[in-house]
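What follows is one structure encoded as structure tokens, with my remarks underneath.
The values are calculated or read from the model by the stated rules, or taken from the named source; none is laboratory data. All of these numbers come straight from a predicted model, not from anything done at the bench. Please note: Cβ atoms are built from the backbone with ideal geometry, for glycine as well, and neighbour counts cover all protein chains shown. Remember, those area values only see protein heavy atoms, side chains included, never the ligands or the DNA or RNA. Shrake-Rupley method; radii C 1.70, N 1.55, O 1.52, S 1.80 Å.
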Amino acid sequence: MKTDPAGVLTGAHYLDGDYACGEGAMAAGCRFVAGYPITPSTEVVERISRRFPFMGGTFIQMEDELASMAAIVGASWTGTKSMTVTSGPGFSLMMENIGLAAMMEAPCVVVNVQRGGPSTGLPTMVGQQDVMQARWGSHGDYRIIALCPQSPQESFDLVIDAFNLAELYRVPVLFMMDECVGHMTEKVIIPEADQIEIVPRRLTKKDPADYLPYQTNGELIPEFARAGDGYKFHTTGLTHDERGYPVMSAACQKQNVQRLIDKIKLNEEQIIRFEAEAIEGADIVVLSYGITARVARMGIELARKQGIKIGVIRLIVLWPFPENYIRQLAGNIKAFVVPEINAGQMVLEVERCAAGQCRAVSVPHLGGGVHNPEDIAQAIVEAAQ
Amino acid sequence: MNPKREVIGQTSIRSKVHPVPFAPPRGEGPPPVADEHPLAAYLRMDRIPHIWCPTCGIGIAVKCLAEALDVLQLDTNKVAVVSGIGCTGRVAGYMKLDGFHSTHGRAIPFATGLKLGRPELKVVVFSGDGDLSGIGGNHFIHAARRNMDLMVVLVNNFIYGMTGGQNAPTTPVTAKTSTMPFGNFEHPFNLPALAAGCGADYVARWTTLHVRRLTRSFKEALNRRGFRFIEVIAPCSTLYARLNKLGTGYDLMEFYHNNTEIKNGADPQTVDIGFQGKIICGRFVDSERPTYLDMMKQHYTKVLGDKFVPMPEEGGLIWPPGEKPTTPAAKATAEVREPEEVTHG
Amino acid sequence: MKYWRKPLDYEQIEIPHGEVHIIAERCKGCVFCVEYCPKHVLVMSEDFNAKGYHYPQALKQGECVNCNLCEMICPEFAIFSSSLPNGKLGQVAEVNPDEVTLTKGG
Ligand SMILES: Cc1ncc(C[n+]2csc(CCOP(=O)(O)OP(=O)(O)O)c2C)c(N)n1
Ligand code: SF4
Ligand code: SF4
Ligand code: SF4
Ligand SMILES: [Mg+2]
């Protein structure tokens, strides 16, 4: 369906990634945001708090990130699209309730504008050190979806997709921006509202007497009932059966948690998104994401001048990871080169999927700055030898 | 021996302090059956018996809330209950309402999202002392400060029940807990004072013995707005009573019977509870401050005028064209019953 | 029950009359209802329910005044009262005189 025009600021703008992300959320129909200030993400909620009163949205600055995350899970149960925004330290605090959203299957979006860590780390400077935390951060087994934009325009476009994926799969979607993209100002084109497709909440049409909150009838995603519509349903973070009632047994855990995994795993093909370029005949494939994908461009050009055949993959969806694609590709190339602003995180996943068929070369860079393109070029050259 | 009456039949060995009258043996035969409980409509009867121990007081508090909902004839489709984690945290799973069993300490922020996401809901937070004032204490004070439209019921059993009787922020000095085996030496919270100090609109405390007064407080609180705090002192027989050699939950009920004083309007600063000390009960605060939602609406209307668009009462969900009231339940709830007038006197 | 003086309208005073219902299988034997019933209608049964708890028994059903207290105070939703047509106080006083000895009324 088309989005609500009230949230769409159609036109050509000059916006930073944070503002663009905020605009994207409003354009996607987000009407509840809870957040706690943290650099370099705060501009997202500053933008939203300025615009929400004109479109029926509510922003609340909570007392901490634990509260922010819990609040958006609560709001999600009213059918109101909800989001919270943070950076590393706050992201860590949100983890328990990200797990709650996964377990309760409450659609919501969590924006993490990544900065250097660990701990308070580098508040104002870039990092991509939370990508594994995005996948594994909350305890227990579950699957989430994580997206990663590389520009302000993409921050706008992709956060709309984040909301849509959250609705489609009833999962928390993690929007893994980084400080560079968040604070980079570029042209952002916001289309007309009738150009923006959004996924509505999949509300059940069943009679309350027939409705069970986690009944899927063999499908993977249950129908949703809003709080206040008379369904009088129960939901819990405990292992639960189709009625949403706690059942403390291995059998129930298997049924409950396996479906949480399967609904993402078996729909991977629909969710995974990446850009691939010049893969045919490539010896080396550079895989990167976010701001690093833009920095790597220059390194790739430098290395290509030396006659190396280089393919490029830019992950747009970080999780689920394009496992099958990487595994197949690994048989045809010499090495993956993986620059990222961390000590080597996604490279572990690449290495796992390559399964010894080719090398996976990490080009690490700790937080606080982007790579020097020459370092990337050099890593490519070395990998090609 | 209980001085109230003579003992009939044999004496129970259940309570050493207060023996209970037993009937003469009834002989064989199945126990008498009865019809369903009149409040069954407010409870998830398919989950009863609940998990709470014999003589635990949590069930009484639940009963009183169900009674209050029944007397007020509220539209229960629009009432939600949110709990954290703990024995009391299970309440959300036993009430036949939209029930949310959230995470430890986060019931209040979860409920805040629920309320702001669909302002027409009445949201009741029902959780334990450890959950709301320990791990969730920060949310508690801020929700009170904002005068968030939540009714918060805190079952205070002076202990962490679910995890096996550890020290709570409410444990009285010298009371024994599993992590203060030689007696607690930390100062506990005086919760009514905490709530009142942070700006709660309505503050009351009752024990589970005060079933009628507790129900009245629930009724009053359900019918008003803003941050409403009701502390329910309840027996935890299995841990608090056992670790402190206080007998059973029934002995604690007897203790409440003999050691509570009702002082409506008492200064909350004066109602702290010592170990086996006097429990002052009553409605301590009953004021009307503009609530969070009032403040937001008033303020934005003042500074933004006609341009201010509030969150729709029925929530911020964006409906596909022409689909708005399709859910059968949404139609059913269209006929909302008027709540009974309750006087605050 | 012993009165020093009988009110003149003693025979006319209407008192509510109730019936107490016990869902024995649900009871956990906490004795609250037995102890706090103002009319001492209830006693604990010697028998056990399936869960192994003693449950209450209405020994003096006729004395129940439908005050609801047992229902209010039961943590298990295992007991409740319902109203019967009002009786006259004078009649109630005659119910089961020899069954139970009370030292104190409610
Ligand atoms: C984050 C987290 N920490 C600790 C726990 C373990 N835990 C479960 S319940 C509980 C205490 C509950 O105490 P209270 O709120 O007083 O409830 P009661 O059981 O006494 O009713 C604790 C510490 C948890 N579930 N989650
Ligand atoms: S442990 Fe204590 S609080 Fe928990 S159910 Fe048992 S008596 Fe109640
Ligand atoms: S309704 Fe009142 S009088 Fe009757 S059994 Fe219950 S407590 Fe006793
Ligand atoms: S109050 Fe309820 S649980 Fe307790 S003895 Fe009476 S019927 Fe049983
Ligand atoms: Mg407790």
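For the reader, a short list of remarks on this structure follows.
- All positions within segment B:256-308 that are in contact with a Pro (Cβ under 9 Å, 6 or more places away or on another chain) and of a type in the set (Lys, Arg): B:Lys297, B:Lys307
- In this structure, B:Glu120 does not satisfy being within 16 Å of ligand 3 (Cβ to nearest atom), assigned by TED's automatic domain parsing to the domain that holds B:Thr207 and over 20 Å from B:Ser237 (Cβ atoms).
- Residue check, B:Gly164 closer than 30 Å to A:Ser68 by Cβ, among the small types (Gly, Ala, Ser) and either open to solvent by less than 10 Å² (accessible area, probe 1.4 Å) or touching a residue at least 24 places away in the same chain (Cβ under 8 Å) (or both): no
- Condition check for A:Ala278: surrounded by 17 or more Cβ atoms within 10 Å (Cβ to Cβ), within 21 Å of A:Arg359 (Cα to Cα) and away from chain B (no Cβ under 14 Å): no
- Every condition in (1) surrounded by fewer than 21 Cβ atoms within 10 Å (Cβ to Cβ); (2) in contact with a Gly (Cβ under 7 Å, 6 or more places away or on another chain); (3) over 30 Å from B:Gly93 (Cα atoms) is met by A:Val181 except one, and the failing one is (1).
- Consider segment B:49-61 and keep the residues that are more than 7 Å from every other protein chain (Cβ to nearest Cβ) and without any contact (Cβ under 8 Å) to a residue 60 or more places away in the chain. The one that is most open to solvent (accessible area, probe 1.4 Å) is B:Ile51.
- Condition check for B:Met162: in a loop (DSSP other than H, G, I, E, B) and under 20 Å from A:Ala34 (Cα atoms): no
- Unique match (being modelled with pLDDT under 95, within 11 Å of ligand 4 (Cβ to nearest atom) and not basic (Lys, Arg)) among C:Ser45, C:Ser83: C:Ser45
- Which numbered condition C:Glu76 misses (of (1) touching a Ser or Thr at 6+ places or on another chain (Cβ under 8 Å); (2) part of a loop (DSSP other than H, G, I, E, B); (3) open to solvent by less than 10 Å² (accessible area, probe 1.4 Å)): (1)
- When segment C:8-37 is filtered for residues that are over 27 Å from B:Ile48 (Cα atoms) and within 13 Å of the chain's Cα centre (by Cα), the ones remaining, listed by number, are C:Pro16, C:His17.
- When the strands (runs of 3 or more DSSP E) confined to segment B:45-159 are screened for residues that are within 16 Å of ligand 4 (Cβ to nearest atom) and closer than 28 Å to B:Asp251 by Cα, none reaches at least 2 such residues.
- Some residue of segment A:248-255 being assigned to a strand (DSSP E or B) and either open to solvent by 20 Å² or more (accessible area, probe 1.4 Å) or more than 14 Å from every other protein chain (Cβ to nearest Cβ) (or both): no
- Conditions (1) closer than 19 Å to B:Met148 by Cβ; (2) more than 16 Å from ligand 2 (Cβ to nearest atom); (3) facing another protein chain (nearest Cβ under 8 Å); (4) under 14 Å from the mean Cα position of the chain (by Cα): number failed by B:Val123: (3)
- Looking only at residues in segment A:1-26 that are within 30 Å of B:Asp294 (Cβ to Cβ) and within 11 Å of another protein chain (Cβ to nearest Cβ), the one that is surrounded by the fewest Cβ atoms within 10 Å (Cβ to Cβ) is A:Pro5.
- Any hit, segment C:31-39, residues being crowded, with 21+ Cβ neighbours inside 10 Å and part of a loop (DSSP other than H, G, I, E, B): yes
- Scanning segment B:167-183 for residues that are away from ligand 2 (no atom under 16 Å from the Cβ) and without any contact (Cβ under 8 Å) to a residue 40 or more places away in the chain turns up B:Met180, B:Pro181, B:Phe182, B:Gly183.
- Inter-residue pairs, beta-carbon under 6 Å, first over 28 Å from C:Pro16 (Cβ atoms) and more than 9 Å from every other protein chain (Cβ to nearest Cβ) and in segment C:27-54, second more than 7 Å from ligand 4 (Cβ to nearest atom) and at pLDDT below 95, 6+ apart: none
- Flag if A:Ala146 is in contact with a Phe, Trp or Tyr (Cβ under 7 Å, 6 or more places away or on another chain), outside any helix (DSSP H, G or I) and either modelled with pLDDT under 95 or under 26 Å from A:Ile189 (Cβ atoms) (or both): yes
- Selection count, segment A:2-25, where residues are under 23 Å from B:Glu313 (Cα atoms) and over 17 Å from the mean Cα position of the chain (by Cα): 7
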